[in-house]
1. Taking 0.36 nm per residue of separation and subtracting the Cα-Cα distance, what length does fully extending LYS138 through SER97 add?
2. In what sequence, highest mean first, do 24-30, 84-90 appear when ranked by Cβ atoms within 10 angstrom?
3. How much area per residue is accessible in the chain when the probe is 1.4 Å and only protein heavy atoms are counted (Å²)?
4. Computed over the Cα atoms of the range 1-156, what is the convex hull's projected area averaged over all directions, in nm²?
5. Can you give me the % of accessible surface on the chain that is carbon or sulfur? Probe 1.4 Å, all protein chains present, nothing else counted.
6. List the equivalent ellipsoid semi-axes of the range 28-75 in whole Å, largest first, each obtained as the square root of 5λ for an eigenvalue λ of the Cα gyration tensor.
7. Of the chymotrypsin sites (Phe, Trp or Tyr not before Pro) in the range 60-167, which ones lie in a loop per DSSP and count no more than 16 other C-beta atoms within 10 Å?
8. What trypsin sites (Lys or Arg not before Pro) in the range 1-84 are in a loop by DSSP, with at most 16 other Cβ atoms within 10 Å of the Cβ?
Amino acid sequence: AIDFAALKHQMQLRKDKTQTSYLVHPLSVAHQLIVIGKVRNPNVMIAGLLHDTLEDTETTYPELVERFGRATADFVYEVSDDKNLPKGERKRLQVASARYLSAGAAQIKLADKWDNLKDTLHHPPLDWENHTIAAYFKWSQQVIERLPWVNANLLQAVQDVIQNFYRIKTL
Ligand code: ZN
């Protein structure tokens, strides 16, 4: 799964100023699931590594089913936005559909939001102004609040990042 994610994301970079390789993100999400979330379901761990392949690369759902099985492919599908929709609609749908995620997908979503918010807090994309960052935190929080209660450690980790953001903001 690491090889597959590395291959699929190989030309992609994160949006921060150091232009980190995109692969750092799925690796960090899988690490968070395993070390902080104590997740031991292999389908969830593998889906954590693959979670952005459907949304951000040319990978297809049948390809994931063939390589990693239906359970893993379904978790990836559950946490993927439909890139055919406009950005605002995708964001609205993430909030509206959060409550319907399976336990496995909700855990991946928590680890994903944790890594994205942590990156945004410490290394925001160059073209993001303060109000864009604040709106991103607010929207992420709306998604997180609606997720089914699945993993206290993963929830705590992402809430800590959100709290840090508001603490720095009021300093
Ligand atoms: Zn992600």
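The values are calculated or read from the model by the stated rules, or taken from the named source; none is laboratory data. Quantities reported herein were computed from a predicted structural model and do not represent experimental measurements. Backbone-built Cβ (ideal geometry, glycine too); neighbour counts: all protein chains shown. Note: accessible area is taken over every heavy atom of the protein model, side chains too, but ligands, DNA and RNA are not part of it. Shrake-Rupley method; radii C 1.70, N 1.55, O 1.52, S 1.80 Å.
1. Details: separation 41, 0.36 × 41 = 14.76 nm, distance 1.66 nm.
Gain on extension, LYS138 to SER97, equals 13.1 nm.
2. Values: 24-30: 21.1, 84-90: 10.0.
Listed from highest to lowest mean packing, they are 24-30, 84-90.
3. On the way: 9430 Å² over 171 residues.
Computed with neighbouring chains in place, this is 55 Å² per residue.
4. Working: hull surface 34.9 nm².
Averaged projected hull area, Cα only: 8.7 nm².
5. Numbers: 5180 of 9430 Å².
Carbon and sulfur together cover 55 percent of it.
6. Numbers: eigenvalues 80, 29, 6 Å².
So the equivalent ellipsoid measures 20, 12, 6 Å along its semi-axes.
7. Values: sites: PHE68, PHE75, TYR77, TYR100, TRP114, TRP128, TYR136, PHE137, TRP139, TRP149, PHE165, TYR166; in loops: TRP128, TRP149.
The qualifying sites are TRP128, TRP149.
8. Values: sites: LYS8, ARG14, LYS15, LYS17, LYS38, ARG40, ARG67, ARG70, LYS83; in loops: ARG14, LYS15, LYS17, LYS38, ARG40, LYS83.
Taking the range 1-84 and a limit of 16 other Cβ atoms within 10 Å, the loop trypsin sites (Lys or Arg not before Pro) found are LYS15, LYS17, LYS38, ARG40, LYS83.
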